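**Student:** First, the structure itself, so that you have it in front of you.
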Amino acid sequence: MRYLSLFVLLSVAACAKAPPQDTAVPAVAAASVPPGDPVEGARVARRVGCDGCHAEGGKGGGMDIRTPQGDRIVAPNLTERRARYDDRALALLLRQGKTHDGHVPVGMPIKMLQHLSDREVRDITAWLRAIPAVDHPGLAETTLTPDAAKQFAAGTHPYSIDMLPDAGLVPPAAPPTEPLALGKHLAHTSCSECQGWDLNGFGGDDAPSLVVAKAYTPEAFRRLMRTGEVAAGGTSKTGFMSEVAAYRFSVMTDAEVAALKAYLDAR
């Protein structure tokens with residue numbers, strides 16, 4: 001999301017329009033579908049940034065942003081918040097940005113997370129239910145200025161688009177298996193938060209267009225995803241991509257990395 005590139009997070013682990021009408025979200029915990037896999041859920045949660053923003057183990061505070069206007073946006077403790085949601089409510093949160101009490105999930109990249117498949121949502125849910133509870137007594141709360149709170153509630157804040165889903169989007173039941181389709185899915189569920197919803201960047205050295213991926217050989221791209229080392233060697237110009245890749249994208253399989261590279265090259 002553009003918070004990552006415009007405000008420079010205190011922790012960099014995470015990698016205006018009116019709100020759209022409600023869209024149907026399938027129940028992801030129905031008896032007719034298999035339960036989620038908490039081990040796979042931990043891997044997906046790492047890739048999409050859940051335990052980056054919310055810190056490892058979900059204790060909260062991995063994302064802690066202060067804006068020039070006086071707002072403070074802090075990712076909460078997931079092991080405390082999970083009790084407020086049943087499985088369907090978690091799907092609504094990830095897919096539509098609907099919280100348990102109706103407030104806007106400020107800072108959550110719903111525009112990216114809405115593309116998660118039903119299976120990935122079930123897996124993340126299983127991971128969230130399985131992680132041990134942890135106390136974080138010093139964790140700060142999100143505080144917004146009155147103007148910002150009003151704008152977010154109305155969907156008119158300049159960054160509301162990050163938290164608003166696309167009307168009518170129907171996510172897949174599972175991640176695609178065809179390489180180009182899988183690469184597109186991975187890009188839109190892993191990269192678009194920082195590199196733009198069209199993957200053409202938000203501007204700035206830490207959020208460039210992903211056309212830069214075409215300059216990488218498959219081997220160099222795999223090294224970037226595994227270690228954060230850029231094609232020229234060393235870390236990225238701001239260090240942001242290198243940290244995000246090493247923390248989040250290193251959990252991707254070889255097949256996923258190859259599929260992502262193939263899709264980015266084909267754009």
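The values are calculated or read from the model by the stated rules, or taken from the named source; none is laboratory data. This is a predicted model, so every value here is computed, not measured. Virtual Cβ from ideal backbone geometry, glycine too; neighbours counted across all protein chains shown. Areas reflect the complete protein model, heavy atoms only, side chains present, ligands, DNA and RNA absent. Shrake-Rupley method; radii C 1.70, N 1.55, O 1.52, S 1.80 Å.
**Student:** How far is the Cα center of region 194-267 from the Cα center of region 102-131, in Å?
**Tutor:** If we compute the Cα centre of each part, the gap is 23 Å.
**Student:** May I have the count of lysine pairs in the chain with C-alpha atoms under 30 Å apart, counting pairs 8 or more residues apart or located on different chains?
**Tutor:** 22
**Student:** How would region 202-245 be classified by its alpha-carbon gyration tensor: rounded, prolate or oblate, with rounded meaning a/c under 1.5 and the a/b versus b/c comparison settling the rest? Display every interim value, and only then the final one.
**Tutor:** Values: a/c = 1.95, a/b = 1.25, b/c = 1.56.
Here region 202-245 falls in the oblate category.
**Student:** Let me ask something else about it. Quote the convex hull volume per residue of the chain, based on C-alpha atoms, as a whole number of Å³.
**Tutor:** Values: hull volume 33.5 nm³, N = 267.
Expressed per residue, the convex hull around the Cα atoms of the chain is 126 Å³.
**Student:** Okay, next question. Any chance you could run the full-extension gain for Val33 through Arg72? It's 0.36 nm times the residue separation minus the Cα-Cα distance, nm to one decimal. Don't jump to the answer; show the numbers that get you there.
**Tutor:** Numbers: separation 39, 0.36 × 39 = 14.04 nm, distance 3.94 nm.
Stretched fully, the Val33-Arg72 segment lengthens by 10.1 nm.
**Student:** Percent relative contact order of region 97-197, based on C-alpha pairs within less than 8 angstrom and at least six residues apart? Write down the numbers at each step before the final one.
**Tutor:** Details: 79 pairs, mean separation 49.3, N = 101.
Dividing the mean separation by the residue count of region 97-197 yields 49 percent.
**Student:** When all protein chains stay in place, what accessible area (Å², nearest 10, 1.4 Å probe) is found for Glu80?
**Tutor:** That residue has around 90 Å² of solvent-accessible surface.
**Student:** Largest first, how would Trp197, Trp127 line up by accessible area (1.4 Å probe)?
**Tutor:** Details: Trp197 55, Trp127 20 Å².
Largest to smallest exposure gives the sequence Trp197, Trp127.
**Student:** On average, how much accessible surface per residue is there in the chain, in Å², for a 1.4 Å probe, leaving out ligands, DNA and RNA?
**Tutor:** Numbers: 12060 Å² over 267 residues.
For the chain, the per-residue accessible area is 45 Å².
**Student:** Taking all protein chains together and a probe of 1.4 Å, list Glu141, Glu193, Glu229 from the most accessible to the least accessible.
**Tutor:** Values: Glu141 120, Glu193 5, Glu229 70 Å².
Solvent-accessible surface, decreasing: Glu141, Glu229, Glu193.
**Student:** Further question on the same structure: How large is the charge dipole for region 136-267, taken about the Cα centre, if only the Cβ atoms of Lys, Arg (+1) and Asp, Glu (-1) carry charge, to the nearest 20 debye? Walk me through the numbers before you get to the answer.
**Tutor:** Numbers: 10 positive and 15 negative charges, 54 e Å.
So the magnitude is around 260 debye.
**Student:** Need the full-extension length gain, Arg226 to Ala246, defined as separation in residues times 0.36 nm minus the C-alpha distance. One decimal, nm. Mind dumping the intermediate values first?
**Tutor:** Numbers: separation 20, 0.36 × 20 = 7.20 nm, distance 0.58 nm.
Going from the current span to full extension adds 6.6 nm.
**Student:** Calculate the dipole size of the chain relative to its Cα centre from +1 charges on Lys and Arg beta carbons and -1 charges on Asp and Glu beta carbons; express the result in debye to the nearest 20.
**Tutor:** On the way: 28 positive and 30 negative charges, 31 e Å.
Once rounded to the nearest 20, the dipole reads 140 debye.
**Student:** I want to check the label-to-label distance for Glu56 and Tyr85. Put each point 7 Å from Cα in the C-beta direction and report it in nm to one decimal.
**Tutor:** Placing both labels 7 Å beyond Cα along the Cβ direction yields 2.3 nm.
**Student:** Right, here's the next one. Over region 202-256, what relative contact order in percent results from Cα pairs under 8 Å that are six or more residues apart? Mind showing how you got there, number by number?
**Tutor:** Details: 54 pairs, mean separation 16.9, N = 55.
Here the relative contact order equals 31 percent.
**Student:** Then there is this: Relative contact order for region 112-258: what is it in percent, counting Cα pairs under 8 Å that are at least 6 residues apart? Walk me through the numbers before you get to the answer.
**Tutor:** Values: 134 pairs, mean separation 29.4, N = 147.
That works out to 20 percent.
**Student:** At 1.4 Å probe size, with no ligands or nucleic acids counted, give the accessible surface of Arg84 in Å², nearest ten.
**Tutor:** Its accessible surface works out to 110 Å², give or take rounding.
**Student:** Okay, next question. For Ser250, what accessible area in Å² do you get when you roll a 1.4 Å probe over the heavy atoms of the protein chains, rounding to the nearest 10?
**Tutor:** Accessible surface of Ser250 is approximately 40 Å².
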